[in-house]
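Working notes, structure below.
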There are 2 protein chains.
Amino acid sequence: MAYDASNLPDVSGLTVGVVGGTGDQGRGLAYRFARAGHTVLIGSRAAERAARSAEEIAGLPGVAAGASVSGAGNDEVARRSDVVIIAVPWDGHAATVASLAEALAGKIVVDCVNPLGFDRQGPYALPVEEGSAVQQAAALLPDSRVCAAFNHVSAPLLADPEIDRIELDVLICTEDRELVDIVGALAARIPGMRGIYAGRLRNAHQVEALTANLIAINKRYKAHAGIRVTDL
Amino acid sequence: MAYDASNLPDVSGLTVGVVGGTGDQGRGLAYRFARAGHTVLIGSRAAERAARSAEEIAGLPGVAAGASVSGAGNDEVARRSDVVIIAVPWDGHAATVASLAEALAGKIVVDCVNPLGFDRQGPYALPVEEGSAVQQAAALLPDSRVCAAFNHVSAPLLADPEIDRIELDVLICTEDRELVDIVGALAARIPGMRGIYAGRLRNAHQVEALTANLIAINKRYKAHAGIRVTDL
């Protein structure tokens with residue numbers, strides 16, 4: 001069927017946790033979900049740092065006065081959230097995800113990590129033994145519901161309080177078709193975004209790696225590029 | 001600098017050849033460049049087949065009565081064209097490109113081939129020893145100017161005479177920055193399209209592979225999906 005935002009489930013009651021929520025991407029997504037009215041939990045290895053980050057986000061324009069944004073250690077965040085976004089640096093991805101396997105059992109896990117290397121010529125895709133970051137997460141989290149999403153969302157756009165709409169599509173890769181609706185509905189909580197099913201996990205590598213191309217585009221055109229899928 | 005179509009060079013006088021011009025993608029691109037008023041040469045291993053295909057294209061709606069669309073063997077097409085689009089099946093890519101190395105010396109070569117496999121679960125990206133189809137072409141064509149482009153353009157949209165505009169961006173990967181303007185200008189000859197620099201050849205794999213995701217999107221949403229880069 002065609003993409004139809006009016007068919008999406010109501011996800012407004014879901015608690016969104018962000019593991020690695022003090023990094024640029026994690027903070028930006030946490031801010032947007034706080035703006036959308038979700039209960040948001042910022043996770044970090046250091047609970048105090050997460051708490052400070054949560055306090056900052058709660059004070060940003062567009063976040064309601066009584067909004068529930070708090071910080072905690074990654075493990076606690078994983079346990080207390082319905083949906084957990086993994087937004088850690090690729091370096092620590094496997095170790096962090098593995099350490100949270102028990103806390104993430106039964107949870108929806110959204111991996112937005114892009115395995116990229118950087119040298120003088122700019123960014124490039126790193127090979128991943130499991131195929132992609134999200135496949136690595138899926139292998140380490142057999143009891144979670146795992147997808148890739150939010151890989152291409154520009155952190156500076158997310159963080160800019162003056163930007164109300166972020167016009168792009170969130171490509172969702174997963175084996176779990178029902179997840180597409182839930183994560184697609186979450187994406188649609190950020191004005192301008194659509195969540196689009198973009199294939200199975202085995203086709204997630206190129207979605208993650210495409211971030212290197214978006215960085216090249218940003219450099220060339222002085223932009224914060226994203227992807228919109230046409231004809232949908 | 002920002003993307004600016006008004007800065008593009010005039011490429012209207014370039015002869016466009018299509019190696020593998022009797023396949024769906026090649027035919028579709030040939031049709032669009034013929035509609036745009038280019039001299040178009042359809043290449044095939046069998047010159048008669050190419051000639052038949054050229055005759056058909058010349059008769060399609062939107063192609064001017066006196067348009068120059070003709071067919072020939074791949075080698076002759078390569079020699080007589082300014083810009084040569086490689087649109088052969090991945091299976092025959094290396095052999096075909098290698099056989100044309102001399103004919104393509106000094107030419108602009110645009111590779112739009114996507115190395116994909118298909119099984120019961122649909123399409124998936126094939127590993128390529130050189131990294132990507134276009135890197136394979138670049139390795140085989142040391143005397144040509146090589147880029148990847150037009151990887152994501154839907155053949156059914158290209159072929160549909162009732163469609164005037166095809167709203168999508170053509171991602172151009174190359175080491176040759178000047179090529180971006182020329183191939184970008186060619187893309188812009190097809191109404192609705194922009195040609196966007198999307199990184200070096202080493203980042204072409206994921207652009208080619210993303211076609212597997214677009215096929216998944218097409219299946220799920222009954223669409224002919226393409227990519228538009230946002231914030232440009």
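How many residues does the stretch A:104-118 contain that are surrounded by 15 or more Cβ atoms within 10 Å (Cβ to Cβ) and within 13 Å of chain B (Cβ to nearest Cβ)?
So the count comes out to 3.
Any idea which of (1) hydrophobic (A, V, I, L, M, F, W, C); (2) farther than 30 Å from B:Lys219 by Cα; (3) surrounded by fewer than 20 Cβ atoms within 10 Å (Cβ to Cβ); (4) in contact with a Phe, Trp or Tyr (Cβ under 6 Å, 6 or more places away or on another chain) is the one A:Ala101 doesn't satisfy?
For A:Ala101, the exception is condition (4).
Of A:Ala138, A:Ala87, which residue is within 19 Å of A:Gly21 (Cα to Cα) and modelled with pLDDT of 95 or more? If you could, list the steps in order and put the result at the bottom.
Working: A:Ala138 fails: within 19 Å of A:Gly21 (Cα to Cα).
Criteria check complete, one pass: A:Ala87.
Which residue is surrounded by the most Cβ atoms within 10 Å (Cβ to Cβ), if the candidates are limited to the stretch A:1-19 and must be of a type outside the set (A, V, I, L, M) and in contact with a His (Cβ under 9 Å, 6 or more places away or on another chain)?
Within the stretch A:1-19, the first condition is being of a type outside the set (A, V, I, L, M), and the residues that meet it are A:3-4, A:6-7, A:9-10, A:12-13, A:15, A:17.
If we keep only those that are in contact with a His (Cβ under 9 Å, 6 or more places away or on another chain) too, we end up with A:12-13, A:15.
Values: A:Ser12: 12, A:Gly13: 9, A:Thr15: 16.
Only one residue tops the list, namely A:Thr15.
Restricted to the stretch B:35-52, and to residues that are over 20 Å from B:Gly184 (Cβ atoms) and among the small types (Gly, Ala, Ser), which residue is surrounded by the most Cβ atoms within 10 Å (Cβ to Cβ)?
Among those residues, the one meeting the criterion is B:Gly43.
Filter the stretch A:53-66 for residues that are loosely packed, with under 15 Cβ neighbours inside 10 Å and in contact with a Gly (Cβ under 9 Å, 6 or more places away or on another chain) and give the result.
A:Glu55, A:Ala64
Out of contact with any strand residue (DSSP E or B) (no Cβ under 7 Å at 6 or more places or on another chain) and over 20 Å from A:Gly117 (Cβ atoms): does that describe A:Asp164? Break it down stepwise before answering.
Numbers: out of contact with any strand residue (DSSP E or B) (no Cβ under 7 Å at 6 or more places or on another chain): yes; over 20 Å from A:Gly117 (Cβ atoms): yes.
It is true that A:Asp164 is out of contact with any strand residue (DSSP E or B) (no Cβ under 7 Å at 6 or more places or on another chain) and over 20 Å from A:Gly117 (Cβ atoms).
Could you check the stretch B:171-224 and list, in sequence order, the residues that are more than 28 Å from B:Asp10 (Cα to Cα), surrounded by 19 or more Cβ atoms within 10 Å (Cβ to Cβ) and basic (Lys, Arg)?
Selection gives B:Arg220 alone.
How about the stretch B:27-57: which of its residues are of a type in the set (Gly, Ala, Ser) and touching a Ser or Thr at 6+ places or on another chain (Cβ under 9 Å)? I'd like the intermediate steps shown before the answer.
As a first pass, look at the stretch B:27-57 and keep what is of a type in the set (Gly, Ala, Ser): B:28, B:30, B:34, B:36-37, B:43-44, B:46-47, B:50-51, B:53-54.
B:Gly28, B:Ala30, B:Ala34, B:Ala36, B:Gly37, B:Gly43, B:Ser44, B:Ala46, B:Ala50, B:Ala51, B:Ser53, B:Ala54, listed by residue number.
The values are calculated or read from the model by the stated rules, or taken from the named source; none is laboratory data. Since the structure is predicted, the reported quantities are computational estimates derived from the model, not experimental observations. Counting neighbours? That spans all protein chains shown, and the Cβs are built from the backbone with ideal geometry, glycine included.
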